[in-house]
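Report on one structure; see the data block that follows.
The numbers here are math on the coordinates, done by the rules we state, and not lab data. Just so it is clear, the structure is predicted and the values come from calculations on it, not from any experiment. Here the Cβ positions follow ideal geometry from the backbone for every residue, glycine too, while neighbour counts run over all protein chains shown.
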Amino acid sequence: MNKYEVKIDYLSATFPMVLNDNDSKMFKVNEIVTMVASFMHIQSDEVKKDKYAHNHFNYEFTLSSDIKLRLDGPMNRDYQKTCQIEMKGEGCRKFEELNPDLSWKDLILFLISLNASFKRIDIAVDDFNNGVVNLPWLYKKLKNKHYTSVFRGSFYPYGDIEDGLMTIQLGSKNSSTQLVIYDKKKEREDRNILCDKLYWVRFEMRFRQGMAQDMVNVFLQAKDIETFALGHLYRILDIKEDNNYSVRHQNNVTTDKDWLLFLNNVNKKQLIKTDSIKVPTWSSYEKYALPYVSSLLIFLWIICKHDDRRFTVCIYALLARNSNFSKPRLKRLNQYLKELHIDEVINENELEELRKAFYSHSKELIYDGDDVLELIDNFKIK
C-alpha cells in the first residue's frame with residue numbers, strides 16, 4: 001500500500017441570493033452569512049467583513065481567517081443575484097479542523113440545498129513514498145510520449161529535472177481539466193512554511209466550470225475519496241510501458257505496472273456527464289425583464305406625445321428590427337411557450353414571417369410622411 005493522502009484542496013461554488021420584493025438586502029446578506037457560518041461551526045467573532053469585495057460582488061466576508069463568502073454579485077441564468085463561497089487550501093483544512101463530524105459530502109449537499117453551481121474543485125493526491133513513480137520518472141515517460149491523457153496538447157515542464165524539483169503541467173489554466181504535478185515540500189519551504197515531510201510530491205487535479213459540476217456529482221456517488229481520486233487520476237493520465245509504438249497507437253499499450261501499483265491497482269474511472277444547464281424559466285425571465293420593458297414602453301409613450309398611433313408604429317418597428325434571434329434565443333422562446341402551455345413552436349422560417357408582418361403593420365400605420373426606421377433609430381417626433 002502506498003503512503004499517500006487524498007484531499008480536496010480548493011472548492012468554489014455560487015448560489016442564488018433569493019431576495020423577495022419586501023426583503024432588506026442587508027438583512028438577507030447577514031442571514032446568509034450567519035447560515036453558512038453556523039453550518040461550518042464558525043463563531044460570530046470569527047466572521048469579518050472585508051473592506052473590499054472581489055469578483056464583482058458587493059459584499060465579502062472572511063470566515064475563520066481562510067474561507068471567503070461573497071454576496072450580492074453577478075446575475076445567474078435565472079436573473080438572480082448570486083453569492084460565492086471560495087475555499088483555497090488553508091480554507092479547506094480549516095473546514096476539516098472545525099468540523100470533524102462533517103464530511104465533504106455533507107458540505108456539498110448543504111451547498112446543493114442552496115441551489116449551488118460548482119465552479120471549481122481541486123483534488124490532490126499527496127505522495128510521501130519516494131518510490132519509483134517520481135518527477136524524473138514521470139518526465140521521462142512524458143517526454144518519450146509513453147502515455148495517453150484527456151489533454152489535447154503536450155505537457156509543460158518547469159524547473160530542474162536533475163534535482164527532481166520539476167513541476168509538470170498538463171492542460172492550461174483555462175482548461176476544464178488540468179493536472180499539475182509538483183514538489184510540494186519544496187514549494188512550502190520556498191514560502192518559509194515548516195514542513196516535516198522527507199518527501200512530498202502532489203498530483204493536483206483541477207476541474208473547472210462544467211467539469212467541476214460533473215466531478216462533484218460523481219464524487220457524491222463515490223464510496224470513498226481515495227478510490228474516487230486515484231481512479232480519476234488514472235482516467236486523466238495513463239502512463240504506458242516503454243514501447244516503440246507511435247503516439248497514435250499508445251492506446252494499444254499496456255499501462256505501466258509501476259503506475260498501476262502507485263494507483264493502488266484501481267480501475268480507471270469513467271466520467272459521467274450531467275445534464276446541461278437548464279434554460280431559465282419564464283417566471284424568472286419575466287421577473288427580470290418586465291421592469292426594463294415597462295421603462296422602455298413608458299419612454300416611447302412619452303416621446304410619442306401620448307399618440308396611440310405613433311406609439312403602435314414604434315412597437316411594431318422595434319419588433320421588426322429585433323426579431324433576428326440566435327438559435328439559443330429561439331430555443332429559449334420555445335421553452336417559454338411550452339412552460340405557458342402554448343401549443344406552438346417557432347422555427348427560423350416562422351420567425352422571419354413574423355418579422356415581415358411586424359414591418360408591414362408598421363408601414364400601414366405610418367402617416368404624415370414619417371419614416372418608421374428613422375423614428376426608431378433617432379427617437380425623433382416631428
Query raised in the report: Quick one: Ser175, Ser326, fewest Cβ neighbours within 10 Å first, how do they rank?
Result: Ser326, Ser175
**Report entry** For segment 256-264, Karplus couplings with θ = phi - 60° (6.51, -1.76, 1.60), whole Hz, Gly/Pro x
**Finding:** 4, 5, 5, 5, 4, 5, 4, 7, 6
Report task. Could you work out how far apart the two model spin labels at Leu261 and Ser65 are, taking each label as a point 7 Å from the Cα in the direction of the beta carbon, and quote it in nm? Result -> 4.2 nm
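Please compute the contact order of the chain in relative form: average sequence separation of alpha-carbon pairs under 8 Å and at least six residues apart, divided by the residue count, as a percent.
Details: 568 pairs, mean separation 53.8, N = 382.
For the chain, the relative contact order is 14 percent.
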**Report entry** Contour excess over end-to-end distance, with Cα ends at Asp45 and Lys363 and 0.36 nm allotted per residue
**Finding:** 107.7 nm
Report summary line: Comparing Asp196, Asp106, Asp127 in a Gaussian network model of the chain (Cα, 10 Å), the one with the largest mean-square fluctuation is Asp196
Query raised in the report: Quick one: if the Förster radius is 51 Å, what FRET efficiency do Thr312 and Phe27 give, using the C-beta to C-beta distance and rounding to 0.05?
Result: 0.70
Query - Alpha-carbon spread of the chain, three principal axes, descending order, Å - result: 88, 59, 39
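What does the helix-only formula give at 222 nm for the chain: each DSSP H stretch with n ≥ 4 adding -39500 (n - 2.57), the total divided by the residues, and the result rounded to the nearest 500 deg cm²/dmol?
Values: 13 runs with 155 residues, N = 382.
Result for the chain, helices only: -12500 deg cm²/dmol.
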Report summary line: If N is the residue count of segment 53-178, its Cα Rg over 2.2 N^0.38 Å rounds to 1.39
Report summary line: Most exposed first, judged by fewest Cβ atoms within 10 angstrom, Met17, Met75 run Met75, Met17
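Taking K and R as +1 and D and E as -1, what net charge do the other residues with C-beta under 15 Å from the C-beta of Lys327 add up to? Walk me through the intermediate numbers first.
Numbers: positive: Arg329, Lys331, Arg332; negative: Glu348, Glu350, Glu352.
Summing Lys and Arg as +1 and Asp and Glu as -1 gives 0.
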Report summary line: The set of residues whose placed amide H lies less than 5 Å from the amide H of Lys240, leaving out same-chain residues fewer than 5 positions away, is Tyr147, Thr148, Asp256
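Rounded to the nearest 0.05, what FRET efficiency do Ser326 and Leu220 give with R0 = 45 Å and r taken as the Cβ-Cβ distance? Could you check? Numbers along the way, then the final one.
Details: r = 34 Å, r/R0 = 0.76.
The value I calculate is 0.85.
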Requested in this report: Would you kindly calculate the translational diffusion coefficient of segment 145-264, applying Stokes-Einstein with the Kirkwood radius from alpha carbon pairs, for 4 °C and a viscosity of 1.567 mPa s, and quote it in µm² s⁻¹ without decimals?
Outcome: 81 µm²/s
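Quick one: dipole size for segment 4-262, taken about the Cα centre, charges +1 on Lys/Arg Cβ and -1 on Asp/Glu Cβ, in debye to the nearest 20. Walk me through the intermediate numbers first.
Numbers: 36 positive and 38 negative charges, 183 e Å.
It works out to roughly 880 debye.
Between Tyr292 and Arg191, what's the calculated FRET efficiency when r is the beta-carbon distance and R0 is 51 Å? Round to 0.05.
With R0 = 51 Å, the Cβ-Cβ based efficiency is 0.55.
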Query raised in the report: Build a GNM of the chain with springs between Cα atoms under 10 Å: which of Glu60, Glu96, Glu189 gets the top mean-square fluctuation?
Result: Glu189
Query raised in the report: Going toward the positive end of the dipole of the chain, with +1 on Lys and Arg Cβ and -1 on Asp and Glu Cβ, which of Gln250, Phe128, Pro328 do you reach last?
Result: Gln250
